[in-house]
Each structure stands twice: as structure tokens, then as C-alpha cells.
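One structure is given below, encoded as C-alpha cells.
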Amino acid sequence: MSAAPSAGLQPQVRTYLFVPGTRTERFAKALASGADKVVLDLEDAVAPGDKASARDAVAAWLEKAAPEERSRVVVRINDATTTWFAADLAALGNAAGIGVLLPKAESAAQIAKAQAALPRAGILALIESARGVAEANRIAAAGIQRMVFGTLDFALDLDLDIATDGSALAYAASRIVIASRLAGLPAPVAGVTPQLDDEARLLRDLVEARRLGFGAKLCIHPRQVAPIHAALRPGDAALDWARRVLAADAASPGAARLDGRMVDRPVVLQAQRTLALARD
């Protein structure tokens, strides 16, 4: 059985589950799915003719939602080049505690515009183009909460075939990871695995993302959530080591030894990260 994180540790957000903004009856089910965050989607999952009704439905649901529900919600709005962008910002302007996912983020100016319109929300930047990757450092430093890699749209932008081999994404992925680290952000979020009934592919994609430095993953179906959480959950030996590290550090701060090794700050931080992943 995995243990809960120690007091004071912030659990890491590992999964972001998409739900179409038109399907309000699914919002509660998505929140009950076990996903760390639920993404109410106003962009790709909504047809042009349904944009206004989806926007109104999401805004109305958020107005009635409890604070703990809003804290787990991210709304993906339409990108800054569309005619729907301004209306999306206006509809969410009073929503407190939510995250807002800005698709096709390509400049710090786009981030600033969203932040000005959404003072009570946190912005996540979805990098989906060559220009977005080129501007990754500036975007990461613009005061966002986290970076997200939109792998499918990025592959479309560069005409890459990633159906069987995602190695062509490695350079862009590394740029996003490094930009996040330089800006002091959490490890970025990896893109979706569109193969709904292929858990092996899902886990291979996750392993590759972790190898490159990503710390979470987008999901497009509730059945993808549990396997990701299980794969990211530390084993019993790792949890035991982490607890012993923190106990040793608490007993002798800055001068602890454990198993013949000095317990310095990087070791303590790694132990904290390990415990932060130890939850269902």
C-alpha cells in the first residue's frame, strides 16, 4: 500500500483529463475519475457552431461549483488568433481558483493578455508549434503555472510522423523541459496518447516522456488515468528510503548520514519528490 505524502509536501499533479465543454453531464464523472485535474475543453472538442453554448455552459457550471471542485478544473480556451478568444476570456474573468490552458501559446504577450483578463486564474501554456518551442524560455518566464506539450499539433505543424516513433519530438520536448526548469516551474506535461485501447502504448509514451523530464500527462479517456498513476507511484523500497532520508535530516539537519551517504539538500529534495508521488 502506498503512503500519503508527509505533512507539508505538495502532491504533484500527474494527470489532466479532457472533457468536452459541451458535455456538462460528464464534468462530475470526470472529477470522480481519479484524475488530478479535469480539463473542460472549449477548443478542439467543440465544433465552431457550438462554441458559444459550450462557453456559457462551462461558465455557468463554474459559477455553481464548490471551491474544491474549481481547484481541480482547468479550462482550455480557444487560441489567441481565433474570433472566440476574447469571449472566452470575458466569460471566465470572474472564475476564481481555476486553471486556464492557453492553446498554441507562442509569445509572452499572449500570456500577459490572458493574465490581465483572468486575474483570479492560473495560466498553463500549451506549446504546439515550432514558434512556441522557439519562444519557450520567454513563455515559461511569463508567470505561468506550467508548460504543456501539445505533441499532435506540433507534429502537424512540422509534418512529422509520430504514429509509431516519437523520437522526432525529443528536441522540442527537451527545450520545453529546460525552459520549465530555468523558470522554476514544475516538470511539464506530456501530450496525449490517442490509442484508447492500447495501455502498452500509453505506458511506453509515459516512459519516454519521463526519460525526457516530463512529470505529468494529458489524458483523453478516464481509463488512461489509473495506469499512469500506477506507473508513476514509487515502490515500497523507494518510499522507505525517502522516509528514512527525511527522518535522518530532521534528526540532524544539514549534517545527516544514511547508509554511509551524506544526506545533503538534493537528497532531501529527491526524498520529498518521491513521497509527493505516493498517493492513489
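Nothing in this text is a laboratory measurement; each read-out follows from the coordinates by a stated rule. Model, not experiment: these values are computed from the prediction. A quick note on method: Cβ atoms are made from the backbone with ideal geometry, for glycine too, and the neighbour counts reach across all protein chains shown.
Just a few scattered comments:
- Amide H to amide H, with H built 1.01 Å from N, residue 124 comes under 5 Å of 100, 101, 102, 145, counting only residues 5 or more places away or on other chains.
- Least to most buried among 245, 189 (fewest other Cβ within 10 Å first): 245, 189
- Calculated [θ] (222 nm, deg cm²/dmol) that DSSP helices of n ≥ 4 give over the chain, each run adding -39,500 (n - 2.57): -12500 deg cm²/dmol
- Shown for 240, 41, 153, 88: other C-beta atoms within 10 Å of each C-beta, ranked fewest to most, produce the order 240, 153, 41, 88.
- Distance histogram in 10 Å bins (all Cα pairs of segment 15-232, percent per bin): 9, 36, 39, 16, 0
- Residue 244-residue 109 FRET efficiency (beta carbon distance; Förster radius 45 Å; 0.05 resolution): 0.40
- Dipole moment magnitude, nearest 20 debye, segment 15-232 about Cα centre, only Lys, Arg, Asp, Glu C-beta charged: 700 debye
- Distance violations [Cα-Cα > 22 Å] among 37/64; 29/217; 51/217: 51/217
- Ranking of 249, 56, 157 by count of other Cβ atoms within 10 Å, fewest first: 56, 157, 249
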